[in-house]
1. State whether one or more residues within the stretch 12-30 are surrounded by 12 or more Cβ atoms within 10 Å (Cβ to Cβ) and more than 19 Å from the chain's Cα centre (by Cα).
2. Give just the number: which of (1) farther than 30 Å from Thr210 by Cα; (2) at pLDDT below 90 does Ser106 not satisfy?
3. Mind checking which residues of the stretch 45-67 are among the aliphatic types (A, V, I, L, M) and over 20 Å from Ser183 (Cβ atoms)?
4. Step by step: first the residues of the stretch 104-114, then only those that are assigned to a helix (DSSP H, G or I) and out of contact with any Leu (no Cβ under 7 Å at 6 or more places or on another chain), then the one that is nearest to Gln46 (Cα to Cα). Which residue is that?
5. Tell me whether the stretch 71-80 contains one or more residues that are under 20 Å from Ile191 (Cβ atoms), assigned to a helix (DSSP H, G or I) and out of contact with any Gly (no Cβ under 8 Å at 6 or more places or on another chain).
6. I want to confirm something. Restricting to the stretch 137-151 and keeping residues that are buried (at least 16 other Cβ atoms within 10 Å of the Cβ), of a type outside the set (Ser, Thr, Tyr) and part of a helix (DSSP H, G or I), which single residue is modelled with the lowest pLDDT?
7. Tally time: how many residues in the stretch 108-158 are in contact (Cβ under 8 Å) with a residue 60 or more places away in the chain and aromatic (Phe, Trp, Tyr)?
Amino acid sequence: MLQSYHTAIKDLPFVLFVLGGFFILTIMFQQSNYISIRLEQEIIPQVISIFGFTTFTLDGIKLLSLLAVENTLLIVLLTSVTVKWMENKNKENIMYIGYILFGVGSAVIAFSNHIGWLFIAMFVLTIGELLFVPTRQTILADVVNDSKRGTYMAFNGFSMQIGKIIATLGIIVGEQIGGIGMSFTYIFLTILGIGFTKLAMSKYQKNKLTKSDSHNFKNVTHSKKVRVS
């Protein structure tokens, strides 16, 4: 397996792009690790009245469930609208905006215990997710080497699994640095994600331009040889 990954690892733009996504996905996987435990432990149960007709007790577990429902409903309702809106727009810029929104939303959820702010943060987070997930997949398809697509995608999937493992460490780290510390950690990971991705795209475009110039030079040289002969 490692031997098959050797080709992908030598492709620097691809590796940098995967690393950029790795940092963002590490934040995403925190939702089922540190964030879920934090909400369960820190949210004080409170009685919520629904339009004065009925009441229910809202604790951390129920709040986490409601936030998950919000995330799911927004994705279901807005996916087609978002995809249509993104047509003929700069996918790379939209991806970066998505990273920022996702990082900011996650950072707020990492420390806030205010129910209203948590729902707003989940909305922002979800919009970011809707923006960066499809655009990143589209760009990834362009970055990978077509002749080794299976190997490249397997390596990308492998990095996601590593991200899940590292995300579990968030529980231990969170206990040491607290919600504010984790919030700054998410912001830092977002910056790393954007930085590595921008570097990857810069090198990818440079390599693409170099290959294009080389191809054009060969065509001109061949044309001159044909004319001389």
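1. Yes, some residue in the stretch 12-30 is surrounded by 12 or more Cβ atoms within 10 Å (Cβ to Cβ) and more than 19 Å from the chain's Cα centre (by Cα).
2. (2) is the only condition that Ser106 fails.
3. Of everything in the stretch 45-67, those that are among the aliphatic types (A, V, I, L, M) and over 20 Å from Ser183 (Cβ atoms) turn out to be Val47, Ile48, Ile50, Leu58, Ile61, Leu66.
4. This residue is Phe111.
5. No: zero hits.
6. Applying the filter and picking the extreme gives Lys148.
7. The qualifying residues number 5.
The rows are residues; the columns are (1) closer than 30 Å to Gln205 by Cβ; (2) in contact with a strand residue (DSSP E or B) (Cβ under 6 Å, 6 or more places away or on another chain); (3) of a type in the set (Ser, Thr, Tyr).
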position: Phe14; (1), (2), (3): yes, no, no
position: Leu25; (1), (2), (3): yes, no, no
position: Gln30; (1), (2), (3): no, no, no
position: Thr55; (1), (2), (3): no, yes, yes
position: Glu70; (1), (2), (3): no, no, no
position: Leu77; (1), (2), (3): no, no, no
position: Lys84; (1), (2), (3): yes, no, no
position: Asn88; (1), (2), (3): yes, no, no
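The values are calculated or read from the model by the stated rules, or taken from the named source; none is laboratory data. Because the structure is predicted, anything quoted here is derived from the model rather than measured. Cβ: placed from backbone, ideal geometry, glycine included. Neighbour counts: every protein chain shown.
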